[in-house]
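Data block below; observations after.
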Amino acid sequence: MEELVSLHDLVFWIITFITLFVFFLLVYVCYRFSSTRNKKPSKVTHNAPLEVAWTLIPVLILIIIAIPSFRLLYKQNDFTNIDMTIKATGYTWWWTYEYPDHDNIEFDAVMLTDDELEEGQPRLLTTDNTLVVPVRKNIKMLITSDPAGVIHSWAMPSLGVKMDAIPGRLNETYFNIKEPGMYYGQCSELCGPGHGFMPITIKAVEDQEFAEWITFAKKEFASDKLNSKNMAFK
């Protein structure tokens, strides 16, 4: 996510500079070369150095933008340094998560109603079971949808992640959370009357706390297909 923001900021300042430069150049040209200030038209037909400059400078700007852009595009599909894998399956209307690297821990994540919310929990964004991940690790997400269901979209804006969950298709993406904390997202594909009630809640923790959660989760969810128990790990 940090690299996406850095590229955005780089392009933003380049565009801002170009816009201001062109604006002031137009104002100067309109004033300097107006008919009232130049009674006799100029007979200059070309200027080789100037023509070379206005050709090379845009090329250089495009190269400056292209290099980090192509590097980031390649990196978004580079799954060679993955630390763990999680599978997310969209249903109507909740998410099911599986941890294939940890004895196939599996659980549902269903949105809490207003009556179930505790103090401080955001409305329409809190689920009964939270997706727990370690910080500073490359987390690969395998995202799909119920084969008999509809298209969803697993979106976590704060992490720069958005991937469609399509029945019968397994899409891949990954993220790396730098700081511990709670992160919230939502289904971003109109999928029916319950579309607005499919939040995504991620809790990022340090390695030791994640190991403790794995031990806890194995007792609650391993080999327990779609257990409906509420996991109160805090």
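Considering every residue within region 205-214, establish whether at least one is more than 13 Å from the chain's Cα centre (by Cα), aromatic (Phe, Trp, Tyr) and assigned by TED's automatic domain parsing to the domain that holds THR126. Among the residues of region 205-214, at least one is more than 13 Å from the chain's Cα centre (by Cα), aromatic (Phe, Trp, Tyr) and assigned by TED's automatic domain parsing to the domain that holds THR126, which makes the answer yes. LYS140 satisfies every condition listed in (1) within 16 Å of THR85 (Cβ to Cβ); (2) among the basic types (Lys, Arg); (3) free of Cβ contacts under 8 Å to residues at least 24 places away in the same chain except (3). Of all residues in region 159-217, those being among the polar types (S, T, N, Q) and loosely packed, with under 14 Cβ neighbours inside 10 Å number 2.
I'd like the full set of residues that are farther than 21 Å from LYS87 by Cβ and at pLDDT below 95, limited to region 196-226.
Restricting attention to region 196-226, the residues satisfying the condition of being farther than 21 Å from LYS87 by Cβ are 196-197, 206-209, 212.
Across region 196-226, the qualifying residue is only GLY196.
Screening TRP154 with (1) more than 28 Å from LYS218 (Cα to Cα); (2) outside any loop (DSSP other than H, G, I, E, B) gives one miss only, at (1).
Residues in region 150-203 that are within 18 Å of THR92 (Cβ to Cβ) and hydroxyl-bearing (Ser, Thr, Tyr): SER153, SER188. Within region 127-148, if we keep just the residues that are hydrophobic (A, V, I, L, M, F, W, C) and assigned to a loop (DSSP other than H, G, I, E, B), the residue that is farthest from THR92 (Cα to Cα) turns out to be VAL135. In region 165-222, the qualifying residues are those that are assigned to a helix (DSSP H, G or I) and of a type in the set (S, T, N, Q), and the one that is nearest to VAL133 (Cα to Cα) is GLN208.
Being under 27 Å from ALA148 (Cβ atoms) and not hydrophobic (A, V, I, L, M, F, W, C) is the filter here, so list the residues in region 104-129 that pass it. Correct list: ASN104, GLU106, ASP108, THR113, THR127, ASP128, ASN129.
A search for C-beta distances below 9 Å between a residue of region 154-180 that is more than 23 Å from PHE197 (Cα to Cα) and any residue that is acidic (Asp, Glu) and surrounded by 13 or more Cβ atoms within 10 Å (Cβ to Cβ), counting only pairs 6+ apart in sequence or on different chains, returns ASN176/ASP83; PRO180/GLU209. Restricting ILE82, ILE86, ILE14, ILE67 to residues that are closer than 30 Å to ILE177 by Cα, surrounded by 10 or more Cβ atoms within 10 Å (Cβ to Cβ) and without any contact (Cβ under 8 Å) to a residue 24 or more places away in the chain narrows the list to ILE67.
The values are calculated or read from the model by the stated rules, or taken from the named source; none is laboratory data. The structure presented is a predicted model; accordingly, all values stated were derived computationally and were not measured. We place every Cβ from the backbone using ideal geometry, glycine too, and count neighbours over all the protein chains shown.
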